[in-house]
Amino acid sequence: MSRHVAIVTDSTAYLPRAALERHGITAVPLTVVLGDEALEEGTEISARSVAQALQKRKYVTTSRPAPEAFAETYREVAAAGASGIVSLHLSSEFSGTYDAAVLAAKEAPVPVRVVDTGMVAMALGFCALAAAEVAQSGGDVDEAVAAAEKRAEGTSAYFYVDTLEYLRRGGRIGAAQALLGSALAVKPLLQLTDGRIELLEKVRTASKAIARLEEIVAERAGTDPVDVAVHHLAATERADALADRLRARVPGLTDLHVSEVGAVIGAHTGPGLLGVVLSPR
């Protein structure tokens, strides 16, 4: 049995199934609570189902994985030959997922390093990919963690939402709370800063906000090699159009991922989300 470092993340990384399999990454699912049903993200509920529920004003919330879910995953990857595990998760400002993983790591049969990346969606996914590439090349736990942390340090995420209402309901709005009083008069552009959602700019209309989002990304991408992810919820045409424009405007573009966010992030942002992750190589 070959010994190796295993990479574990959670379902909010939104890595394509093919990427998970190719890089040997295991994703532990978070839970979406829809009415009185608790459903696993990625297998039992889709982002589109969440969007429809929100539009009908149904009660939707989310929950971290139980520590036992991580403990079972750690046991499984250890049994498959892992000599160490790097467990990379979404910002602890958004979820108790990191805390659950830390609890489980104490009982794992092999050493586990749990990392709060301060990221979410493909901002987290790019960190997991960086760690996996190091692990696949024979790197140890420290080297894989260093690669993930370096990627996180350089990665930025910007997004537009049609309304702040869903972020307000979920308590994820951070310093953008001050916008609530004028929420009907502006279309906010937000960014991920120190693991929290912060206001970037206020724009008057949706079309101007999306154009400004494109400008900001093009300016901050620079000319060095960079991976880009465009995320959306129930806004396929907007996302595809933005991705096409970024292909023409980002000279250092290496990989471009376009995907709908999963049910957990969708529950907190609502339909109409449009986000961009910049992750320099």
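Antiparallel versus total DSSP beta bridges in the chain: what percent is that, nearest 5?
If we restrict to bridges inside the chain, about 60 percent are antiparallel.
Please give the net charge around Ala130, taking every other residue with its beta carbon less than 12 angstrom from that of Ala130, where Lys and Arg add +1 and Asp and Glu add -1.
-2
Along segment 35-50, what does the Karplus equation 6.51 cos²θ - 1.76 cosθ + 1.60 (θ = phi - 60°) give for ³J(HN,Hα), rounded to whole Hz, x for Gly and Pro?
Result, rounded to whole Hz: x, 10, 9, 9, 10, 6, 5, x, 10, 10, 8, 9, 4, 5, 5, 5.
What fraction, in whole percent, of alpha-carbon pairs in segment 33-81 exceed 15 Å separation?
56 percent
If you roll a 1.4 Å probe over the heavy atoms of the protein chains, what accessible area per residue do you get for the chain, in Å²?
Counting only protein heavy atoms, the per-residue value for the chain is 44 Å².
Can you tell me which of Val32, Val226, Val161 moves the most in a GNM of the chain? Springs connect C-alpha atoms under 10 Å apart.
Val226
In whole Å, what three semi-axes, largest first, describe the equivalent ellipsoid of the chain built from its Cα gyration tensor (square root of 5 times each eigenvalue)?
31, 23, 15
Which residue, Ser259, Ser49, Ser156, has the most motion in a Gaussian network model of the chain that connects Cα atoms within less than 10 Å?
Highest fluctuation of the listed residues: Ser49.
Put one equal scatterer on each alpha carbon of segment 192-268, apply the Debye formula with no solvent term, and list log10 I(q)/I(0) at q = 0.16, 0.18, 0.27, 0.28 1/Å to two decimals.
So the normalised log intensities work out to -0.69, -0.88, -1.39, -1.38.
For Ser87, list long-range residues whose amide hydrogen, built 1.01 Å from N in the peptide plane, is under 5 Å from its own amide hydrogen.
Those lying under 5 Å, H to H, from Ser87 are Val8, Arg113, Val114, Val115.
How much net charge surrounds Val86 when only the other residues with a Cβ under 14 Å from the Cβ of Val86 are counted, with Lys and Arg +1 and Asp and Glu -1?
Within the 14 Å Cβ shell, the charges total -4.
Sort the following peptides by mean Cβ neighbour count (other Cβ atoms within 10 Å, averaged over residues), highest first: 86-98, 132-144, 234-246.
Highest-to-lowest ranking by the protection proxy: 86-98, 132-144, 234-246.
Starting at the first residue of segment 58-63, write each ³J(HN,Hα) from the Karplus equation 6.51 cos²θ - 1.76 cosθ + 1.60 with θ = phi - 60°, in whole Hz, x for Gly and Pro.
Residue by residue, segment 58-63 yields 7, 6, 9, 9, 10, 9 Hz.
How large, in percent, is the carbon and sulfur part of the accessible surface of the chain at a probe radius of 1.4 Å?
Answer for the chain: carbon and sulfur cover 48 percent of the accessible area.
Count the net charge of all other residues whose Cβ sits under 15 Å from the Cβ of Glu40, scoring Lys and Arg as +1 and Asp and Glu as -1.
Net local charge, Glu40 excluded: -4.
The values are calculated or read from the model by the stated rules, or taken from the named source; none is laboratory data. Everything numeric here is computed off the predicted structure, so don't read it as measured data. Because the Cβ atoms are built from the backbone with ideal geometry, glycine has one as well, and the counts that use them run over all protein chains shown. SASA here: full protein model, heavy atoms, side chains in, ligands and nucleic acids out. Shrake-Rupley method; radii C 1.70, N 1.55, O 1.52, S 1.80 Å.
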